[in-house]
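Right, one structure below, let's go through it.
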């Protein structure tokens with residue numbers, strides 16, 4: 001069965017500092033990996049996704065993520081956070097098959113200090 | 001940019017009542033999904049739907065739940081007799097082939113009182 005672990009429940013970061021959110025997955029084959037962001041009371045917005053190819057993936061809002069098969073990780077990074085980046089971030093994994101479900105991690109809530 | 005549209009954005013219902021949550025997926029998408037997120041918890045898969053039938057469902061999706069694509073554009077989730085623990089944010093999503101272009105709606109917050 002597929003599973004996703006986000007070890008950090010909360011992260012507080014100063015505006016302008018770098019941010020890294022950890023994601024570890026468990027999946028028996030090549031996974032499809034995703035990062036979503038959810039602002040308070042809002043829906044899920046896709047930041048980026050990895051299907052294959054280059055293991056460093058660029059997304060929207062200046063985010064990037066790196067797929068490391070050997071570590072079963074897909075960590076999200078941003079070099080310099082903005083106050084508007086305060087939100088909850090979810091990592092998700094899906095099977096490489098049509099119409100499959102996504103399995104989400106528990107989320108990491110990011111607080112940005114002025 | 002194409003969107004998945006969900007209505008209503010917030011619904012309050014009494015315990016034991018039936019509720020229908022509505023979604024309009026992206027028009028050329030073939031796969032449709034419902035997920036839910038209980039407050040403070042992770043997003044959980046409920047059901048996927050393809051070619052007018054359920055392709056996969058989770059343990060959560062018991063006999064109280066049903067889905068339907070009644071008219072080729074809407075995709076609905078019905079809860080027959082709501083319980084307090086059904087209170088959650090329900091997200092509809094649609095996708096093209098597999099997980100390519102997997103798009104979520106903005107959700108319906110269901111409150112059962």
Treat the count of other C-beta atoms within 10 Å as a stand-in for reagent exposure and order B:109, B:80 from fewest to most. B:80, B:109
Per-peptide average of other Cβ atoms within 10 Å, ordering A:38-49, A:62-73 highest first: A:38-49, A:62-73
In whole Å, what is the distance between the alpha-carbon centres of the stretch A:47-112 and the stretch B:1-65? 23
Length-normalised contact order for chain A - Cα pairs under 8 Å, 6+ apart - percent: 38
Counting other C-beta atoms within 10 Å, which of A:83, B:34 has the fewest, and how do the rest follow? A:83, B:34
So, with points 7 Å from each Cα along the Cβ direction, the residue B:15-residue B:71 label distance in nm works out to 3.5
Send over the Kirkwood Rh of chain A, from the inverse of the averaged 1/r over different Cα pairs, rounded to one decimal Å. 14.2
Unit Cα scatterers, Debye sum, the protein assembly as shown: log10 I(q)/I(0) for q = 0.15 Å⁻¹: -1.00
Shielding by partners - mean other protein chain Cβ count within 10 Å, residues of B:29-40: 2
Mind giving me the nanometre distance, one decimal, between the label points for residue B:42 and residue B:54, set 7 Å out from Cα along Cα→Cβ? 2.2
In square nanometres, what is one fourth of the surface area of the convex hull spanned by the alpha carbons of chain B? 6.7
What average count of beta carbons from other chains do you get within 10 Å of the Cβ of residues in A:74-85? 0
Sites residue A:26 and residue B:85, calculated FRET efficiency, Cβ-Cβ separation with R0 35 Å, nearest 0.05: 0.80
Tell me, what is the percent relative contact order of the stretch A:49-114, built from C-alpha pairs under 8 Å that lie six or more residues apart? 22
Using Cβ counts within 10 Å as a stand-in for footprinting exposure, how do B:89, B:15 rank, fewest first? B:15, B:89
Let me confirm one metric for peptide A:44-52, namely the mean number of other chain beta-carbon atoms within 10 Å of its residues' beta-carbons. 3
Reference-scaled alpha-carbon Rg (2.2 N^0.38 Å with N residues) for the stretch B:1-51: 1.34
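Values in this text are rule-based calculations from the coordinates and carry no lab data. Given the structure is predicted, the values throughout are model-derived calculations rather than measurements. Don't worry about glycine lacking a Cβ; one is built from the backbone with ideal geometry, like all the others, and counts go over all protein chains shown.
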